[in-house]
Structure formats: C-alpha cells, structure tokens
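What follows is calculated from the coordinates using simple rules that are stated; it is not laboratory data. Since we're looking at a predicted model, the values are computed, not measured. All Cβ positions, even for glycine, are placed from backbone atoms using ideal geometry, and neighbour counts span all protein chains on display.
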Amino acid sequence: MCFYLFIYNILLLLSLLLSLPFIWKKIKPDTEFPSGFKERLGIYDKTTTEKLKKQKNIWIHTVSIGEFLSITPLIKKIQEEYENNIVVTFATKTGRRVAKQKIGNVVYLFFPIDLYPVMSNAIKRINPELIVIVETELWANLLHIARRHKIPVVLINGRLSPFSYSKYKKFRFFSKRVLPLFSSITMRSENEADQLISLGAERKNIQVVGSMKFDLAYEMSQRINADKVKESLGIEQNREIVIFGSLHTEEEEPIINVAEKLLKQFKDLLVVIVPRYLDKTGVFHILNGRELNYIRKSEMPSDKQYSIIVVDTYGDLNNFYAISEFAFVGGSLHRWGGQNPIEPLAFKKTVLFGPYHWHFKEEWRKIKESGGIEVSDYNELYKECLRLIKDSEERRRLGDAGYQALLKNTGATEHNLKVMLRFIRQ
C-alpha cells in the first residue's frame with residue numbers, strides 16, 4: 001500500500017470512530033440496521049453471495065435517488081445487452097427502497113465503507129467485471145483495488161459543482177493520484193471536463209457526452225398523459241394550473257405570498273406547491289394561518305373546494321409538471337444551488353427559476369438560452385407569473401423552444417452505454 005493510501009485509510013478510520021455516537025443515534029431505531037450494517041462492511045447474505053459468485057457482474061454505484069433515476073434508461077438498456085447480474089449500490093436506505101420499486105431483476109446493496117479491507121472484501125464478493133461510478137465520487141481504495149485486479153472503473157455523467165471543484169482543488173495531491181485510475185470518464189460539459197483535467201484526470205480518458213437527465217426526462221414524459229392525471233385527481237380539464245416545484249424551506253412562505261396574490265387576481269387558478277423536504281416543510285403551518293383553501297395530494301380526489309394543492313407524496317412531481325401551464329423550479333431563490341430544471345421542458349412547459357442554480361449549471365445555461373426565465377426575487381417572480389397567466393401564446397412559444405432544446409440534448413445514455421459495453425466485451 002502506498003503512503004498516501006495508508007494516510008487516507010488512517011484518516012477515514014479516525015473520522016468513522018469520531019462519528020460513531022452520531023451514527024449510532026441515527027441508526028439505532030432502524031429495523032434494517034443489522035443487514036444494512038453488514039452490507040456496509042462488505043458482508044452479504046448467503047443468497048446474494050451465491051448469486052454473485054456464479055458469474056461476473058456489473059457494479060454501478062449511485063449516491064442518491066436522483067442519480068439513480070437519471071440512469072434508469074441506461075440500466076434498462078444494459079439489461080437488454082447483458083445477461084449477467086447488475087448490482088446497484090446506494091449510500092442511503094431511501095435510495096435503495098425507491099430503486100427497488102423502479103427496476104426489477106437488479107441486486108440492490110448498500111455501498112461498502114471505503115476502508116481497504118472492507119472494500120477488498122466487497123469487490124471479491126460482488127465479483128465485478130466492470131465498476132461504474134455515477135457523477136463524481138472519488139473512492140481511493142475502490143479504485144486502487146480494482147486496478148490491482150485489472151477491473152475497469154468508469155465514471156459516467158460526471159459533473160462538478162463549484163463547491164465540489166473548490167473542495168477537490170484543496171486536495172489536489174489526492175485527486176491527481178486517484179483520477180488517473182479511472183479507465184474512462186464521460187462528462188456533461190467541456191467546462192467540467194477541463195476542471196477535472198486540472199484536478200489530475202487524463203485528457204485521453206475523457207469524453208464530453210452531455211447529461212443523461214435529458215434522456216430520462218424525455219422517456220418519462222412519454223409515459224404520462226396529462227388528461228388522465230387530471231381525471232385521476234378529480235381536477236377539471238380546463239382549469240389552469242401553476243406549479244412551484246422542489247421548494248426549500250426558506251422559499252415556502254415567500255412563494256405562498258406570491259400564490260396568494262395570484263389567487264386574488266385569478267379566482268379559478270389552481271396553485272400546486274411541492275416541498276423539497278416533506279419531513280422539514282412548514283407549508284401546512286403557514287397555510288393554516290391564512291384564509292386559503294388547500295388540499296393535500298394524499299386526500300385527492302375529493303369534493304373539497306380548494307385553490308392550492310400541497311404535494312405530500314413522493315414521486316408525483318412530474319405528474320403535476322405535466323398538467324401545469326408553466327413551472328417555477330425551487331432551490332434557486334435562496335443559496336441552495338437549484339434543483340433539476342429539465343423535467344418541465346419534457347412537457348413543453350415554460351420554466352422559471354432564481355439566480356442560484358450552480359448544481360445544474362450546464363442544464364440551466366441551456367434552458368436560459370432556449371427561453372427559460374430567470375427572476376431575481378419574489379416580486380419579479382410574481383410579475384412573470386402574472387404575465388404568463390395572461391399570455392397563453394407566449395407560454396406556448398417558450399414551452400416549444402424549451403422542448404426543442406431538450407430534444408437537441410438527448411443521446412448521452414447511448415454514448416455512456418457504448419463506453420460501458422467497450423469494457424464488457426473486451
């Protein structure tokens with residue numbers, strides 16, 4: 001083991017030991033704790049172990065459910081081309097639980113701790129012929145052990161937020177040793193590719209293929225029928241709907257203020273509010289203090305009179321994008337860096353957003369160029385909503401332009417599939 005890897009393992013072990021009280025407090029009530037803890041140590045049940053050792057497998061690691069959803073079209077294509085097992089690992093139990101409901105015939109596990117003996121055992125048990133990392137995570141032991149066993153590791157849909165780039169720049173002595181261990185890297189944009197090269201990646205291993213989120217949004221939109229969604233929710237087909245999606249807690253009250261002003265002018269308007277974090281939201285408390293009729297999505301359909309829907313269920317955001325006239329995407333009017341702005345485009349909806357959108361900077365740039373509307377504050381958001389409600393032709397024009405931009409940027413999934421198959425079929 002080289003010196004820097006030895007230091008990396010010591011520091012990682014110390015940080016885990018120091019974090020134990022916090023970790024224990026969080027996982028103690030978790031009924032999945034025993035099996036989940038073993039998986040994080042690279043120890044799998046007998047059935048899984050027997051299944052994996054029979055043949056070589058593809059191991060895909062994705063941290064969050066958002067990343068997993070972005071690669072679901074890719075996983076389905078791999079299943080068409082590849083007979084062996086696909087193993088997908090997650091950092092969180094929520095991600096694993098939701099993923100199991102989305103795609104079958106996949107082995108879902110927790111990602112093992114990146115300590116040398118743990119990762120070595122996990123790689124031995126999972127038995128991969130290819131390891132795929134989604135977006136940008138640098139696990140030194142995984143990469144070194146894979147290189148030692150001649151297992152290719154590819155990074156797909158790579159991206160670097162300003163925060164991530166700044167963080168890795170401070171530890172360039174680490175990144176310049178780890179990044180060359182990737183067999184191939186696909187990035188979303190030229191700018192992010194250049195940043196990764198400055199951190200130590202090799203230019204010859206990098207391809208710029210765009211974002212798979214465009215492919216996912218298009219595929220998903222083909223499965224949703226707006227009229228049927230309205231019918232299932234008991235909403236009149238001709239009722240106009242405005243959605244404020246993925247709102248962070250700091251945005252909730254100002255957005256409700258905007259909604260309240262709009263509803264005073266347009267009595268039949270229906271406003272949809274989608275909190276980003278249901279366990280932290282203050283929307284219900286705020287609405288209970290106002291003279292506004294609202295309903296929870298979980299109560300629908302209902303004979304109740306309402307002018308606001310609060311989406312209190314998971315997985316319904318796209319259904320509401322489909323039935324809206326236009327959409328505001330949250331996380332962008334406070335310094336959170338924005339949320340995924342692509343999904344409304346797939347339904348030909350005009351997208352409004354605030355000035356803070358560095359998490360999806362390349363996607364936001366393309367949306368802005370194709371007619372997306374950036375607002376500087378809540379007052380400007382109100383004025384733009386007012387304008388779009390009154391001007392259906394402008395809504396249609398901007399929505400069509402955004403949809404064409406989406407179509408123009410699809411294709412990353414096929415590029416990433418070709419990269420993966422190149423290593424599987426060597």
Checklist entry - Assuming R0 = 25 Å, what is the FRET efficiency of TYR314 and PHE22, from their Cβ-Cβ distance, to the nearest 0.05? => result 0.45
Next on the checklist: Quick test of the membrane-span-like rule: which DSSP H helices of the chain reach at least 20 Å along their long axis (C-alpha atoms) with mean Kyte hydropathy at least -1.0?
Outcome noted: 3-27, 249-265
Checklist outcome for this item: So LEU278 and GLN404, fully extended at 0.36 nm per residue minus their Cα-Cα distance, gain in nm 42.1 nm
Next on the checklist: I need the calculated FRET efficiency for the pair GLU393 and SER161, taking r as the beta carbon distance and R₀ as 41 Å, to the nearest 0.05.
Outcome noted: 0.65
Checklist entry - Farthest toward the dipole's positive end in the chain, which of LEU160, THR410, LEU247, given Cβ charges of +1 (Lys, Arg) and -1 (Asp, Glu) about the Cα centre? => result LEU160
Checklist entry - How many nm separate the modelled label positions at LEU14 and LEU386, each set 7 Å beyond the Cα in the direction of the Cβ? => result 5.9
Checklist entry - If the chain between GLU374 and ILE224 were fully stretched, how many nm would it gain, using 0.36 nm times the residue separation less the Cα-Cα distance? => result 51.3 nm
Checklist entry - In square nanometres, what is one fourth of the surface area of the convex hull spanned by the alpha carbons of region 220-408? => result 9.8
Item to check | Stretchable slack from LYS124 to LYS100, in nm (0.36 nm times residue separation minus alpha-carbon distance) | outcome: 6.3 nm
Item to check | For the chain, built as a Gaussian network whose Cα springs stay under 10 Å, the top-fluctuating residue of LEU233, LEU109, LEU142 | outcome: LEU233
Item to check | Cα-Cα over 32 Å, subset of LYS56/LYS93; LYS51/LYS167; LYS267/LYS297; LYS167/LYS366; LYS102/LYS176 | outcome: LYS51/LYS167; LYS102/LYS176
Checklist entry - Candidates (1) 23.3; (2) 26.6; (3) 22.6; which is the computed Kirkwood radius over Cα pairs in Å? => result (1)
Checklist outcome for this item: Sparse-neighbourhood loop hits (trypsin sites (Lys or Arg not before Pro), region 135-196; DSSP loop; Cβ within 10 Å at most 14 others) -> LYS150
Checklist entry - Under a plain spin-label model, where a point goes 7 Å from the Cα along Cα-to-Cβ, how far apart in nm are ARG365 and GLU260? => result 4.0
Item to check | Per-pair calculated FRET efficiency, R0 = 45 Å: ILE286 and THR49 via Cβ, rounded to 0.05 | outcome: 0.35
Next on the checklist: Which residues among region 178-198 fall inside the zone where the amide N is under 16 Å from a point 7 Å beyond the Cα of HIS415, along Cα→Cβ?
Outcome noted: 184-197
Item to check | Computed label-point distance, nm, for sites ARG296 and ILE197 using a 7 Å Cα→Cβ extension | outcome: 5.3
Checklist entry - Between ASN205, ASN127, ASN105, which gets the highest mean-square fluctuation from a Gaussian network model of the chain, Cα cutoff 10 Å? => result ASN105
Checklist entry - For the chain, modelled as a GNM with alpha-carbon contacts under 10 angstrom, which of GLU231, GLU250, GLU260 fluctuates the most? => result GLU231
